[in-house]
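Report on the structure given below.
The values are calculated or read from the model by the stated rules, or taken from the named source; none is laboratory data. Note that the structure is predicted; figures quoted are calculated from it, not measured. Glycine gets a Cβ as well: all are built from the backbone with ideal geometry, and neighbour counts include every protein chain shown. Note: accessible area is taken over every heavy atom of the protein model, side chains too, but ligands, DNA and RNA are not part of it. Shrake-Rupley method; radii C 1.70, N 1.55, O 1.52, S 1.80 Å.
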Amino acid sequence: MSILEVKNIEKRFESLQVLQKIDFSLEKGESIAIIGSSGSGKTTLLRCLNFLERPDNGSISVNNKVIFDAMDPVTQRDSEVRKKRLHFGLVFQNFNLFPQYTVLKNVTLAAELLAQERPSFKQEKKTILNEIQDRGKMLLSQVGLSDKLDYYPHMISGGQQQRVAIARALALNPDILCFDEPTSALDPELTGEVLKVIRNLADRNTTMIIVTHEMDFARDVADRVIFMDAGVIVEQGTPQEVFSNPKEERTKQFLCRYN
Ligand code: ADP
């Protein structure tokens with residue numbers, strides 16, 4: 001059963017058509033790598049999925065429920081957007097941590113704010129906050145940062161900051177974890193530690209969409225690869241199909257640059 005179904009997503013910025021007829025689906029536990037040249041629309045696609053951009057056309061369903069349909073204004077109510085965003089966790093290129101909060105607080109903050117809206121929060125405050133702290137610590141241990149809970153972002157390396165951002169994205173237990181070039185802002189020697197964390201998540205069958213320029217990583221970790229060019233999906237298939245036996249000329253040309 002598909003956890004995510006994207007149908008005919010289109011997006012234009014004024015006269016520039018950035019996404020056209022984007023169709024793909026994602027199974028629970030599957031990892032998809034999205035590859036393609038700069039400017040091909042990869043980030044815009046992720047932003048559409050996370051309601052940071054509104055597609056002009058098409059629909060998005062999660063767990064068989066339509067959460068966005070360009071033809072149905074009911075699915076576009078702003079009041080619903082926050083709830084719908086919870087389906088997705090997003091890890092940005094530049095980490096985007098809150099500089100004024102500790103590593104642990106960065107991970108727990110969203111869950112704490114959400115918990116305050118529960119009717120039982122006042123009565124069960126201590127228990128709820130303890131549970132959130134415990135989960136935050138567990139996630140930080142999963143990304144290898146148990147010894148940095150009380151540090152502030154400026155006190156840790158870029159690779160460590162990105163690992164905090166991954167723990168933060170996991171904190172609200174999203175259905176789908178999205179990465180937008182998670183290592184492109186890192187020095188090469190810090191890339192490996194972040195890729196290792198993502199690889200571990202794939203081994204645990206975390207459902208993921210990873211926009212990446214790391215071709216070897218995409219080949220190793222992804223169950224499926226989507227190649228985009230000029231706003232369209234040119235080709236998709238297993239890593240073996242796309243990397244070793246690409247059908248389309250544009251895919252061949254793109255991959256040539258990495259060989
Ligand atoms: P990629 O992630 O593949 O590098 P993007 O999705 O960032 O590609 O960008 C696709 C195209 O859309 C580019 O030509 C970019 O300049 C344009 N674009 C992205 N965001 C905006 C925006 N907010 N306004 C206008 N053009 C944009």
Once the dipole of the chain is set up with Lys and Arg at +1 and Asp and Glu at -1 on Cβ about the Cα centre, which of 68, 185, 123 lies farthest towards its positive end? 123
With a sphere of radius 14 Å drawn around the Cβ of residue 241, what net charge do the other residues whose Cβ falls strictly inside it have (Lys, Arg +1; Asp, Glu -1)? +1
With θ set to phi - 60°, apply the Karplus curve 6.51 cos²θ - 1.76 cosθ + 1.60 along segment 177-194 and write out the HN-Hα couplings as whole Hz, x wherever there is a Gly or Pro. 9, 10, 10, 10, 6, x, 10, 6, 8, 9, 5, x, 6, 9, 5, x, 5, 6
Distances over 27 Å make up what percent of all Cα-Cα pairs in the chain? 40 percent
Under a point-charge model restricted to the Cβ atoms of Lys and Arg (+1) and Asp and Glu (-1), what is the dipole moment magnitude of segment 1-42 relative to its Cα centre, in debye to the nearest 20? 100 debye
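Going by average Cβ neighbours within 10 Å, how do the peptides 186-196, 171-181 rank, with the highest at the top?
Numbers: 186-196: 16.0, 171-181: 19.5.
With the highest mean Cβ count within 10 Å placed first, the list reads 171-181, 186-196.
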Just to be sure I understand: of the beta bridges DSSP finds with both ends in the chain, what percent are antiparallel, rounded to 5? 60 percent
Given a 1.4 Å probe, the accessible area of the chain per residue, as a whole number of Å², is 50 Å²
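What does the charge count near residue 193 come to, summing +1 for each Lys or Arg and -1 for each Asp or Glu among other residues with Cβ under 12 Å from its Cβ? Numbers along the way, then the final one.
Details: positive: 163, 196, 199; negative: 187, 189.
Net local charge, residue 193 excluded: +1.
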Charges at C-beta only: +1 for Lys and Arg, -1 for Asp and Glu. How large is the resulting dipole of the chain about its Cα centre, in Debye rounded to 20? 660 debye
Computed Kirkwood radius, in angstrom, where 1/r is averaged over Cα pairs of segment 144-212: 12.6 Å
Given 25 °C and 0.890 mPa s, compute D for segment 1-125 with the Stokes-Einstein relation, Rh being the Kirkwood radius over Cα pairs; round to the nearest whole µm²/s. 147 µm²/s
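Using a 1.4 Å probe on the protein heavy atoms, what percent of the accessible area of segment 111-186 belongs to carbon and sulfur?
Carbon with sulfur: 47 percent of the solvent-accessible area.
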Starting from the eigenvalues of the Cα gyration tensor, five times each then square-rooted, give me the equivalent ellipsoid semi-axes of segment 53-115, largest first, whole Å. 29, 14, 10
Environment charge of residue 232, counting only residues whose C-beta is closer than 11 Å and scoring Lys/Arg +1, Asp/Glu -1: -3
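On a full-extension model of 0.36 nm per residue, what is the gain between residue 245 and residue 21, subtracting their alpha-carbon distance, rounded to one decimal in nm?
Extra length from residue 245 to residue 21 when fully extended: 78.3 nm.
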Amide H neighbours of residue 208 under 5 Å, counting only residues 5+ apart in sequence or on other chains, H built in-plane at 1.01 Å? 30, 31, 32, 177
Karplus 3J(HN,Hα) series, Hz, for segment 217-222 with 6.51 cos²θ - 1.76 cosθ + 1.60 (x for Gly, Pro): 5, 4, 5, 6, 9, 6
Under a 1.4 Å probe, counting only protein heavy atoms, residue 154 has an accessible area in Å², nearest 10, of 150 Å²
If R0 = 51 Å, then residue 149 and residue 13, at their Cβ-Cβ distance, give a FRET efficiency to the nearest 0.05 of 0.80
